[in-house]
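Enquirer: For reference, the structure I am asking about is given below.
The values are calculated or read from the model by the stated rules, or taken from the named source; none is laboratory data. Here the structure is a predicted model, which means the values were calculated and not measured. Note that we place each Cβ from the backbone using ideal geometry, even for glycine, and neighbour counts take in every protein chain shown.
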């Protein structure tokens with residue numbers, strides 16, 4: 001299989017997604033004495049073309065690796081970044097590709113990618129319960145880390161009023177205000 | 001009508017029992033629950049239930065701590081790999097804030113990380129021997145492990161939680177006078193390496209209990225995004241030290257180790273995982289030796305004043321990732337920083353066991369119940385790493401355990417040995 005340079009990879013995403021690719025950034029950093037490059041690519045895609053971008057990884061790498069999905073609360077929106085990795089068999093050629101999707105809080109829905117990468121199940125389940133998005137078509141939508149008696153509609157990583165503020169007051173060592 | 005339909009359904013379904021193992025169980029070193037569906041002795045399905053040791057670490061990093069405090073919090077994510085998490089975190093933050101690291105610091109980081117790999121692999125080898133009821137090996141290996149623990153204590157002042165990391169470098173130097181003590185430890189491991197290899201690779205009991213047990217095929221390992229020695233034992237050439245150029249590993253020529261270099265073929269069973277971990281001990285010794293020989297001189301930290309560093313971090317804006325090959329596999333941290341905000345805006349931790357737990361159902365299906373302890377232990381699971389999310393008000397209702405799995409495992413070893421002697 002041919003190894004593409006980071007610029008070529010971004011170009012291939014551009015031609016595959018068209019307007020679906022909103023922006024891209026290449027990060028290259030020289031390290032230690034030999035000054036080899038640590039490489040990462042950051043892509044920003046629309047929710048509509050997200051599934052297509054994941055499918056496009058299969059043309060770059062036989063089994064693209066998914067490290068994890070990171071999520072943050074931006075106020076009105078929720079940002080998900082899917083951290084993929086390609087060319088991991090080659091020495092110093094591995095490239096981390098972060099695919100960023102921004103979802104509105106009014107409709108926080110994203111299609112599952114477990115049909116392309118079955119190993120993504122745990123991180124999709126975690127993202128669902130922690131930041132309060134809905135993964136459409138997830139094969140197993142039970143909670144992962146939160147226990148069954150954790151209140152419904154509270155999302156630990158949210159920074160708005162669906163966050164875990166009420167629960168924090170009851171942590172050991174913390175006093176309930178006004179008492 | 002519906003009754004008749006139900007009756008038909010029950011006819012088709014083969015009756016099976018569900019055996020819950022854990023959350024707390026003698027055969028598991030840390031809390032996790034495995035729900036095994038069994039047909040006789042054979043396991044037909046496994047459900048992994050995690051979340052029993054949530055401590056809300058990512059939340060603390062995003063809401064309470066400043067980034068420097070978060071380094072030492074990250075160190076406490078896991079008691080065994082207390083270098084991997086701060087290593088990945090400092091790399092992510094340095095990338096986000098644009099902090100340079102002096103080359104000498106990179107070498108010190110790698111030395112301490114590789115020492116940790118040696119101790120972690122030896123610890124695992126002891127646990128694995130214990131799981132199959134070979135306790136004399138367990139005692140021997142843990143005695144051998146003390147040597148590297150002493151060396152780490154000599155360098156960092158502590159056997160574990162070494163607090164070596166700081167943004168922009170390390171907090172303690174490794175000086176020329178300290179080299180002989182480290183070399184002594186390395187020589188000790190080289191001198192006993194063949195002996196360890198003999199015990200683990202040639203012994204008939206270990207062979208019988210680990211060959212063709214808990215098989216994970218290469219395709220499954222790739223599909224389920226398995227990392228670390230578990231993936232390499234299945235023939236996947238994946239190692240963050242090989243793929244990514246980071247820290248002083250960028251100056252080394254590190255190749256991912258797959259078991260076929262010794263056995264000539266890849267089976268992907270527990271035995272292969274032993275082979276990979278044993279060879280990685282030797283690889284780590286070579287890396288430390290090379291680091292000691294080629295360590296450049298110069299500063300060990302780019303900004304020694306903590307108050308100044310905190311001011312830089314408060315102004316920083318950006319995002320970064322840190323990838324480090326922990327003893328159990330790829331450890332991944334993502335960090336986003338916002339200017340004017342004390343804690344990290346986003347911190348995501350992905351420990352290697354998080355990824356490797358996906359392999360458990362595939363590995364255990366078709367195995368016997370007595371093989372569960374060794375097959376499960378073979379991924380070197382670390383539950384504290386996997387669970388970090390939030391504290392719950394009440395613990396989950398306990399599930400009682402009916403079987404003494406460890407006893408069952410011992411029985412199988414004795415039975416196989418008796419058969420062999422006959």
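Enquirer: Which number in (1) in a loop (DSSP other than H, G, I, E, B); (2) modelled with pLDDT of 90 or more marks the one condition that residue A:124 misses?
Expert: The single condition residue A:124 does not satisfy is (1).
Enquirer: How many residues are modelled with pLDDT of 90 or more, outside any strand (DSSP E or B), surrounded by fewer than 24 Cβ atoms within 10 Å (Cβ to Cβ) and in contact with a strand residue (DSSP E or B) (Cβ under 9 Å, 6 or more places away or on another chain) if we restrict to segment B:339-360?
Expert: Looking only at that region, the number is 1.
Enquirer: Can I ask one more? Taking the conditions exactly as written (under 30 Å from residue B:300 (Cα atoms), touching a strand residue (DSSP E or B) at 6+ places or on another chain (Cβ under 9 Å) and either free of Cβ contacts under 8 Å to residues at least 24 places away in the same chain or surrounded by fewer than 23 Cβ atoms within 10 Å (Cβ to Cβ) (or both)), does residue B:72 satisfy them or not?
Expert: yes
Enquirer: Next question. Do you know which of the residues in segment A:38-62 that are assigned to a strand (DSSP E or B) and touching a helix residue (DSSP H, G or I) at 6+ places or on another chain (Cβ under 9 Å) is farthest from residue A:100 (Cα to Cα)?
Expert: This residue is A:38.
Enquirer: Additional query: Name the residue that is farthest from residue B:362 (Cα to Cα), counting only residues in segment B:38-47 that are modelled with pLDDT of 85 or more and in contact with a strand residue (DSSP E or B) (Cβ under 6 Å, 6 or more places away or on another chain).
Expert: So, considering only residues that are modelled with pLDDT of 85 or more and in contact with a strand residue (DSSP E or B) (Cβ under 6 Å, 6 or more places away or on another chain), the one farthest from residue B:362 (Cα to Cα) is B:38.
Enquirer: Return yes when residue B:271 is out of contact with any strand residue (DSSP E or B) (no Cβ under 6 Å at 6 or more places or on another chain), part of a helix (DSSP H, G or I) and under 15 Å from residue B:201 (Cβ atoms) and no when it is not.
Expert: When the stated conditions are applied, residue B:271 passes them.
Yes or no, residue by residue, for (1) modelled with pLDDT under 85; (2) facing chain B (nearest Cβ under 10 Å); (3) under 18 Å from residue B:358 (Cα atoms):
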position: A:128; (1), (2), (3): no, no, yes
position: A:138; (1), (2), (3): no, no, yes
position: A:142; (1), (2), (3): no, yes, yes
position: A:147; (1), (2), (3): yes, yes, no
position: A:151; (1), (2), (3): no, yes, no
position: A:167; (1), (2), (3): yes, yes, no
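Enquirer: Output the qualifying pairs, or none if there are none: Cβ atoms under 8 angstrom, residues six or more apart or on different chains, first residue in segment B:149-168 and within 19 Å of residue B:73 (Cβ to Cβ), second residue in a strand (DSSP E or B).
Expert: B:164/B:170; B:166/B:301; B:168/B:301
Enquirer: Right, something else. I'd like the full set of residues that are assigned to a loop (DSSP other than H, G, I, E, B) and farther than 30 Å from residue B:104 by Cα, limited to segment B:219-249.
Expert: If the condition is that a residue be assigned to a loop (DSSP other than H, G, I, E, B) and farther than 30 Å from residue B:104 by Cα, then B:224, B:225, B:226, B:234, B:235, B:236 are the ones that fit.
Enquirer: If I filter segment B:313-324 for residues that are within 14 Å of chain A (Cβ to nearest Cβ), out of contact with any strand residue (DSSP E or B) (no Cβ under 8 Å at 6 or more places or on another chain), at pLDDT 90 or above and surrounded by 22 or more Cβ atoms within 10 Å (Cβ to Cβ), do I get at least one hit?
Expert: no
Enquirer: Quick one: how many residues across segment B:48-64 are at pLDDT 85 or above and either more than 14 Å from chain A (Cβ to nearest Cβ) or over 27 Å from residue B:342 (Cα atoms) (or both)?
Expert: Of the residues in segment B:48-64, 3 are at pLDDT 85 or above and either more than 14 Å from chain A (Cβ to nearest Cβ) or over 27 Å from residue B:342 (Cα atoms) (or both).
Enquirer: While we're on this one: When segment B:392-422 is examined, which residues are found to be assigned to a helix (DSSP H, G or I) and either surrounded by fewer than 16 Cβ atoms within 10 Å (Cβ to Cβ) or at pLDDT below 50 (or both)?
Expert: Once the filter is applied, which keeps residues that are assigned to a helix (DSSP H, G or I) and either surrounded by fewer than 16 Cβ atoms within 10 Å (Cβ to Cβ) or at pLDDT below 50 (or both), segment B:392-422 yields B:407, B:411, B:414, B:415, B:417, B:418, B:419, B:420, B:421.
Enquirer: Residue B:223 versus (1) in contact with a helix residue (DSSP H, G or I) (Cβ under 6 Å, 6 or more places away or on another chain); (2) within 14 Å of chain A (Cβ to nearest Cβ); (3) surrounded by 20 or more Cβ atoms within 10 Å (Cβ to Cβ): which is the lone unmet condition?
Expert: Here residue B:223 meets the rest and fails (3).
Enquirer: Can I ask one more? Just for segment A:104-123: of the residues that are free of Cβ contacts under 8 Å to residues at least 24 places away in the same chain and within 18 Å of residue A:55 (Cβ to Cβ), which one is nearest to the other protein chains (Cβ to nearest Cβ)? So that I can check it myself, show each step before the final result.
Expert: Going through segment A:104-123, the residues free of Cβ contacts under 8 Å to residues at least 24 places away in the same chain turn out to be A:106-107, A:115, A:118, A:121-122.
Applying the additional criterion that residues be within 18 Å of residue A:55 (Cβ to Cβ) yields A:115, A:118, A:121.
Details: A:115: 11, A:118: 5, A:121: 7 Å.
So the residue we want is A:118.
Enquirer: Related question: Condition first: in contact with a strand residue (DSSP E or B) (Cβ under 8 Å, 6 or more places away or on another chain) and either assigned to a loop (DSSP other than H, G, I, E, B) or under 25 Å from residue B:325 (Cβ atoms) (or both). Now tell me which residues in segment B:54-66 satisfy that.
Expert: B:57, B:58, B:61
Enquirer: If you don't mind, there's one more thing I want to ask. Just one of (1) assigned to a helix (DSSP H, G or I); (2) over 20 Å from residue B:417 (Cα atoms); (3) in contact (Cβ under 8 Å) with a residue 24 or more places away in the chain trips up residue B:129, so point out which.
Expert: If we test residue B:129 against (1) assigned to a helix (DSSP H, G or I); (2) over 20 Å from residue B:417 (Cα atoms); (3) in contact (Cβ under 8 Å) with a residue 24 or more places away in the chain, just (2) comes out false.
Enquirer: Where residues in segment B:151-183 are part of a helix (DSSP H, G or I) and out of contact with any helix residue (DSSP H, G or I) (no Cβ under 8 Å at 6 or more places or on another chain), which of them is surrounded by the most Cβ atoms within 10 Å (Cβ to Cβ)?
Expert: Across segment B:151-183, the extreme among qualifying residues is B:153.
Enquirer: Further, regarding this structure: Do you know which residues across segment A:2-37 are assigned to a helix (DSSP H, G or I) and loosely packed, with under 13 Cβ neighbours inside 10 Å?
Expert: Within segment A:2-37, A:7, A:8, A:15, A:18, A:19 meet the criteria.
Enquirer: Return the total of residues in segment B:69-90 being part of a helix (DSSP H, G or I) and either under 14 Å from residue B:164 (Cβ atoms) or within 17 Å of the chain's Cα centre (by Cα) (or both).
Expert: Of the residues in segment B:69-90, 11 are part of a helix (DSSP H, G or I) and either under 14 Å from residue B:164 (Cβ atoms) or within 17 Å of the chain's Cα centre (by Cα) (or both).
Enquirer: For segment B:334-354, give me each residue that is closer than 30 Å to residue B:21 by Cβ and facing chain A (nearest Cβ under 7 Å).
Expert: B:348, B:350, B:354
Enquirer: Restricting to segment A:76-89, count the residues that are surrounded by fewer than 21 Cβ atoms within 10 Å (Cβ to Cβ), without any contact (Cβ under 8 Å) to a residue 40 or more places away in the chain and not in a strand (DSSP E or B).
Expert: 2
Enquirer: Does residue B:93 qualify as being in contact with a strand residue (DSSP E or B) (Cβ under 7 Å, 6 or more places away or on another chain), farther than 17 Å from residue B:353 by Cα and away from every other protein chain (no Cβ under 13 Å)?
Expert: In short, yes.
Enquirer: Determine if segment B:257-271 includes at least one residue that is within 12 Å of chain A (Cβ to nearest Cβ) and more than 15 Å from residue B:363 (Cα to Cα).
Expert: yes
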